[in-house]
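The values are calculated or read from the model by the stated rules, or taken from the named source; none is laboratory data. Computed from a prediction, not measured in an experiment: that's the story for all the values here. Please note: Cβ atoms are built from the backbone with ideal geometry, for glycine as well, and neighbour counts cover all protein chains shown. Just so you know, the surface numbers come from the protein's heavy atoms only, side chains and all, with ligands and any DNA or RNA stripped out. Shrake-Rupley method; radii C 1.70, N 1.55, O 1.52, S 1.80 Å.
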Amino acid sequence: MNEILTAIPTGVTAFIATNLDDLVILTLLFSQVNATFRSRHIVIGQYLGFCTLVVASMVGLLGGLILPSHWIGLLGLVPITIGLNRLLNPETNSLSEEESGLELSHSSAFASFVSPQAYSVAAITVANGSDNIGIYMPLFANSAVTELLVIITVFLILVGVWCYVTYKLTCQNAIANLLTRYGNSFVPFVLIGLGVSIILDSASLSPIALTVTCLCLVGLIKIIQASKFKAQSL
């Protein structure tokens, strides 16, 4: 029973951390609903795309059966790195949203000739959620079977909640604009907290070693950022 009670908040936290930015994209999708692009296409496509990400992340569970748990726990550095990168390079996240918007327009046109609208939405979900795999893998690998089933169930429920919330947001322009403006500022801290929790729970690193590692990651990100800026200025 304790495992279930622990898995529920873990699943909620992991989902929010990895899908908060989907609120913006789903709101955009629902705002484009018309006679040929229905709300059901968005819901079905979102579930198809998300289930694809979950299945791909199951590799982490298989790894947990082979590798020691404290090795798998080091994968918690992935969400920490993603969070630090978003925190130190906020402009990168803005560019990702613009690219997602462009992808939406192109894929919708492509879907009208090749595939149903739902597959178009699924493709957008997978493309926008590529980081999810790196975060779900260590989470799944450090979870018992019961915890894993609870977490996945929570995920599937929250996908429906996300779709419902964003559908309602299309009727509230002020809230949608507020989410677009400040939502991305919240995501990095949730990702970092999730990664820290994974590493400490698996005892992969001591708190001191984890702090030093995070400082090294910050320095590495800054070096990469400086290199990109220098290359663009040449």
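Remarks
- Evaluating LEU48 against the criteria (1) modelled with pLDDT under 80; (2) under 19 Å from ASN132 (Cβ atoms) leaves one unmet condition, (1).
- For region 193-213, taking the residues that are among the aliphatic types (A, V, I, L, M) and over 13 Å from LEU74 (Cα atoms), the one that is least open to solvent (accessible area, probe 1.4 Å) is identified as VAL212.
- Those residues of region 143-164 which are at pLDDT below 90 and open to solvent by less than 60 Å² (accessible area, probe 1.4 Å), in sequence order: SER143, ALA144, GLU147, LEU148
- Single condition ILE80 does not satisfy, out of (1) at pLDDT 80 or above; (2) farther than 26 Å from PRO207 by Cα: (2)
- Exactly one residue among LEU102, LEU28, LEU74, LEU53 is part of a helix (DSSP H, G or I), at pLDDT 70 or above, open to solvent by 50 Å² or more (accessible area, probe 1.4 Å) and under 15 Å from ILE124 (Cα atoms), and that residue is LEU28.
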